[in-house]
Amino acid sequence: MTITVCIGSSCHIKGSRFVLEELQAQIGKHQLEEKIHMTGAFCLGQCQKGVCVQVDGELFSVAPDTAADFFEHSVLPRLM
Ligand code: FES
């Protein structure tokens, strides 16, 4: 699975760095380093929905304080 976090300027202002850090922490916590590839993008074209996070091509809107929830409900079930 590939997770792409937008680090373009609009998403950056909305806290993409913290979203990225939280997702990385969750990957570590669940020991999914082998299964999830994290990457960044400079703009996913949906700035108003930022922070934009793409999971295998599907776009999600994530905030720093919803990142853990997002991981649990939108990422983990896809790995089952
Ligand atoms: S900066 Fe993130 S979608 Fe444009």
Residues that are small (Gly, Ala, Ser), open to solvent by less than 70 Å² (accessible area, probe 1.4 Å) and assigned to a loop (DSSP other than H, G, I, E, B): does the stretch 2-20 have at least one?
yes
Among residues belonging to the stretch 21-71 that are assigned to a helix (DSSP H, G or I) and of a type in the set (S, T, N, Q), point out the one that is least open to solvent (accessible area, probe 1.4 Å).
26
Among the listed residues 45, 40, identify the single one that is without any contact (Cβ under 8 Å) to a residue 40 or more places away in the chain, at positive phi and not aromatic (Phe, Trp, Tyr).
45
Check 69, 56 and return the single one that is on the phi > 0 side of the Ramachandran plot and charged (D, E, K, R).
56
Odd one out for residue 77 among (1) open to solvent by 60 Å² or more (accessible area, probe 1.4 Å); (2) of a type outside the set (Asp, Glu); (3) touching a helix residue (DSSP H, G or I) at 6+ places or on another chain (Cβ under 7 Å)
(3)
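The values are calculated or read from the model by the stated rules, or taken from the named source; none is laboratory data. Here the structure is a predicted model, which is why all the values come from computation and not from measurement. Quick reminder, even Gly has a Cβ in these numbers, built from the backbone with ideal geometry, and neighbours come from all protein chains shown. All accessible areas refer to the heavy atoms of the entire protein, side chains included, with ligands and DNA or RNA removed. Shrake-Rupley method; radii C 1.70, N 1.55, O 1.52, S 1.80 Å.
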